[in-house]
Structures are given as C-alpha cells and as structure tokens.
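Let me begin by presenting the structure, written as structure tokens, before commenting on it.
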Amino acid sequence: MLRNHKVLAVAVLLAAFATGAAATESIEFVAEHLPEIAMDNRYASLPLWNACDSRTNEGDPGRAFCFGTSVGYARTHSGTLSVDGPMISLSVVRPLGGDLRLTGFVFFDDLVLSGGVENRPLAVLFANPPLTLPAAAQFTGLDGKARDTGFGLALNGSAHPGWLPWFEWSAGLMWQQFRLSDYRFDYLITDGPDAGTTGILDYSATYSHISPFAGAAWPRSHGAWRFTPHVQLAVPLPRRGVEGRITGPGFDLQGSTADNGAKPFGDPSVTIGFNMTYEPWNLTVDLGSTVTQALLEPHIHEGVEHNLMLSAFWTF
C-alpha cells in the first residue's frame, strides 16, 4: 500500500512539473512564427547596401558589372523547437549612370527543423477535428527541412533633401518560395476528455510570395572603413493561411486557416542593420542586423525565445 502511495506521489509530481514547464503558446502559434522569423532574417541580409557602388568603381569607370556573394547562418528556437542553417546569396550590380545602380540577386537558405519533447496546447485553426481543443499535449519527433529560395531586382540611388542628411535609397521586388518539408509532430493529449489520444500533426507546406521592399541607408567612410546604418521594409504578398494536416483515431483532416478566415502567414518585416566594410578587402559584416534581429524578433513574434543571425558579404 505504501509503495502504491509513493508511485502516485511521484506521478503527481511529474505531472505538476510537466504542467509548470509547458509553454503557454499553442503549437500552431509557434509553428507559424519559426518560418516567419527565418523569412525576416533573409530580408535583413538582402545584398542591397554592401554590393558594389559608385565608390567601388571609381578606379575602373569602364567596368560594366560588379559581383558579390553573401554567406550567413541563422538559428531560431522556441523551447526545444528550432530552425537553423546556412544562408547564401549571389548578386550582380550594373551602374546605370549618375547615382543609379541596378542590383540583381538570388538566394538559397537551407535550414533544418528539429525539436525534442514539447509540452504545449494543441489548438488548430485549419481543421475541426473531433477533439476537445485546446488541450494540453506533448509533441515529439520533429525532424524536417525548410528552404527559402528566390530572386529579385533592386534599384539603388541617392537623395540630397535639404531637410535631411544625404542618404542612399533602394527599392525593388523579389519572388520567394518557402518550402517546409516533414514539418511534422507526433502528439499525445495529456489532459482533458481526450487524454491519451495520439496522432500526427503536420505543417508541411509551400508558401510563395511576391515581396516588394524599400529602404534607406546613411553610409559614411573613415579611413579604410565604411559604416552603413540602414533600415528596410519588406511586405510578402499575399498573406496566406497556415496549412496543416492532423490525424487521430478515426480521422485524417487537412486544410488551411484561410478556410476559417485567418491569413496570418507572411508578416510585413522591418529590419535595422549597421554594416561595417573593410574597403581594401571589399568585405562587409552586418553587425547591426545581428543585434537587432536578436533583440526585436522575440517581441515581434511572440513565443520565440532566441534568434541569431550572422552575415558577411564580399564584392569582387
């Protein structure tokens, strides 16, 4: 009898610990925000302010093109869930005369989706499963891929308004496709009338956007160094519903939150950076975006705890 009481006490303590450790944001809430932050990291590292400009070509005025390559790394996580991996882009700049330049770029971000044991509410808006939701649940088994690919064109120039300091501007359009593969969890409902129910929750989907963007920068030089604070706005269009699939005892449902009037995927993005360029090497590191993406994203996209983004750019 005493042994049974001890076992019951341990079970109660473990349940209390699991409840205390459970996150308040639902699994769907975080499953949306992780890829959205990955998209924001890409916007923050677009090759708009560190490609060749008029100063780069001063020594070779007859040069028709200048090329650049960017490499980076991003890691975003919430609890045990994370999306991380390398970010790569290539760009080419064509001077158009005067202060104008045309920049073309392509990018490929190859990211990994992973997770451990997550205790979060199960709540879905893309379908209406025969479950009492939201419900406390445990999620395991995430082992997927996320790939953000695309290309774009930007027009860069400079402005000299009398009421503002001289600055550079950029405006353009990009196409991007964010593909989520095996974005899948095994779930176990741990409380409520459906306790013990198991199934699969899958957010694998492909989201395509046309994203206009614009920004301004205030470059300044000091000796061999160039410093470029900048701000950018990108708006992925159209906003889309979150797609998903859920299975359980006797049901297999899939759909989109757009079917229920919600299109949350594809937030407008404001990013702030500060480039440091060592001009003899034409090497740029964006320290500002590393800091601001780490500080701002967990507040903009609630439920995500940490975001790290590093990027460097080299022109040739």
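The values are calculated or read from the model by the stated rules, or taken from the named source; none is laboratory data. None of the values given here were measured: they were computed from a predicted structure. Here Cβ is always computed from backbone atoms with ideal geometry, including for glycine, and neighbour counts include all displayed protein chains. Just the protein is used for accessible areas: all its heavy atoms, side chains included, with ligands, DNA and RNA removed. Shrake-Rupley method; radii C 1.70, N 1.55, O 1.52, S 1.80 Å.
As an exercise, use a Förster radius of 25 Å and the Cβ-Cβ distance of residue 167 and residue 306 to find the FRET efficiency, rounded to the nearest 0.05.
Numbers: r = 32 Å, r/R0 = 1.29.
After rounding to 0.05, the efficiency reads 0.20.
Taking R0 as 35 Å, what FRET efficiency do you get between residue 252 and residue 147 from their Cβ-Cβ distance, rounded to the nearest 0.05? Mind dumping the intermediate values first?
On the way: r = 26 Å, r/R0 = 0.75.
Calculated value: 0.85.
Find how much the distance from residue 88 to residue 259 grows on full extension, using 0.36 nm per residue of separation minus their present alpha carbon separation; answer in nm with one decimal.
The residue 88-residue 259 span can extend by a further 58.1 nm.
How much net charge surrounds residue 182 when only the other residues with a Cβ under 13 Å from the Cβ of residue 182 are counted, with Lys and Arg +1 and Asp and Glu -1? Write out the running numbers ahead of the final one.
Numbers: positive: 145, 147, 179, 184, 245; negative: 143, 186, 202.
My count for the surroundings of residue 182 gives +2.
Run the numbers on the chain and let me know its relative contact order in percent, using alpha-carbon pairs under 8 Å that are six or more apart.
Numbers: 809 pairs, mean separation 58.9, N = 316.
Normalised by residue count, the contact order of the chain is 19 percent.
With a 1.4 Å probe and all protein chains kept in place, how do 189, 300 rank by accessible area, largest first?
Working: 189 0, 300 95 Å².
Ranking 189, 300 by accessible area, largest first, yields 300, 189.
Working from the alpha-carbon coordinates of the chain, get Rg over Rh, Rh being the Kirkwood radius. If you can, show how the numbers build up before the last one.
Values: Rg = 23.5 Å, Rh = 21.5 Å.
Rounded to two decimals, Rg/Rh equals 1.10.
Against the globular-protein guess of 2.2 N^0.38 Å, express the Cα radius of gyration of segment 75-141 as a ratio, rounded to two decimals.
Taking N as the residue count of segment 75-141, the ratio is 1.98.
For the chain, with all protein chains present and a 1.4 Å probe, just round the carbon and sulfur fraction of the accessible area to a whole percent. Intermediate results must be reported in sequence, preceding the final value.
On the way: 9510 of 14920 Å².
Exposed carbon and sulfur together represent 64 percent of the surface.
Once fully extended, how much extra length lies between residue 71 and residue 181, figured as 0.36 nm per residue of separation less the alpha-carbon to alpha-carbon distance? Numbers along the way, then the final one.
Working: separation 110, 0.36 × 110 = 39.60 nm, distance 2.30 nm.
Once the chain is fully extended between residue 71 and residue 181, it gains 37.3 nm.
Under a point spin-label approximation (7 Å from Cα along Cα-to-Cβ), what is the residue 64-residue 80 distance to one decimal in nm?
Label-label distance for residue 64 and residue 80, simple model: 5.7 nm.
Over segment 71-180, what relative contact order in percent results from Cα pairs under 8 Å that are six or more residues apart? Display every interim value, and only then the final one.
Working: 234 pairs, mean separation 25.6, N = 110.
After rounding, I find 23 percent.
Counting heavy atoms of the protein chains only and a 1.4 Å probe, report the per residue accessible area for segment 191-316 as a whole number of Å².
Details: 6030 Å² over 126 residues.
Each residue of segment 191-316 exposes 48 Å² on average to a 1.4 Å probe.
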